[in-house]
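Reviewing the structure listed below.
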Amino acid sequence: MDEVQLLLFVEQYGYGIMLVLMILEGPIVTILGAFLASIGVFHVGVVFILSVVGDMAGDVILYYTGRFWGMRFVRGFGKYMGITETFVEKVRAYFLRHGGKTVFAVKSTTGLCWATFFTAGMIRMQIQTFLLYSFLGGIVWSALLVSTGFFFGKAYFIIDHYIRWAGWIIATMAVGSVFAFMQYKKRKSKTFLQN
């Protein structure tokens, strides 16, 4: 596939492919999409909207998995995803006290989305409340990812134009920033589990 064919393919199917990939692995695809938006391949506003929608679609899948399969799933496959009976009880207690705030906080700060959204479905949190707080948390999370990808994309191409090796430094900083934030989310999730 030559450059022209690749460009035509991206123009025709890029957003659809991006949405599917964002459902599966939102953060990495969002940053990459925003990076490409910074050079004009995609529109940054569309990348942001797809990021929020794709992220929420994944949340809803987890919610309904918890709602329909509940403890059977936890006792089977759940343990391989960090969803244990102990964890479910701990999250259930948070939901009883804080409801939607738990969804928002987990979405925008910790790395516990899988287990938390599954538990939200399992305890039959109202879907409207779940969607509202998932949406609000998703806006914060997606805005951070899109801003990061777009900023580093612009910086990479501006600096790379003048100093070839500096572009690689900027690209490394972008990857490092994302990695650092993901590590922060993991630490927050460990703190949550230890409380």
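The values are calculated or read from the model by the stated rules, or taken from the named source; none is laboratory data. This structure is a prediction, so every number in the text was calculated from the model and none was measured. No Cβ is skipped: glycine too gets one built from the backbone with ideal geometry, and neighbour counts run over all protein chains shown.
Out of 120, 174, I need the residue that is modelled with pLDDT of 80 or more, surrounded by 16 or more Cβ atoms within 10 Å (Cβ to Cβ), assigned to a helix (DSSP H, G or I) and not hydroxyl-bearing (Ser, Thr, Tyr). Which one?
Exactly one residue qualifies, and that residue is 120.
In segment 122-147, which residues are under 19 Å from the mean Cα position of the chain (by Cα) and either within 17 Å of residue 93 (Cα to Cα) or charged (D, E, K, R) (or both)? Give the steps one after another, and end with the answer.
Within segment 122-147, the first condition is being under 19 Å from the mean Cα position of the chain (by Cα), and the residues that meet it are 130-147.
Scanning segment 122-147 gives a single hit, 130.
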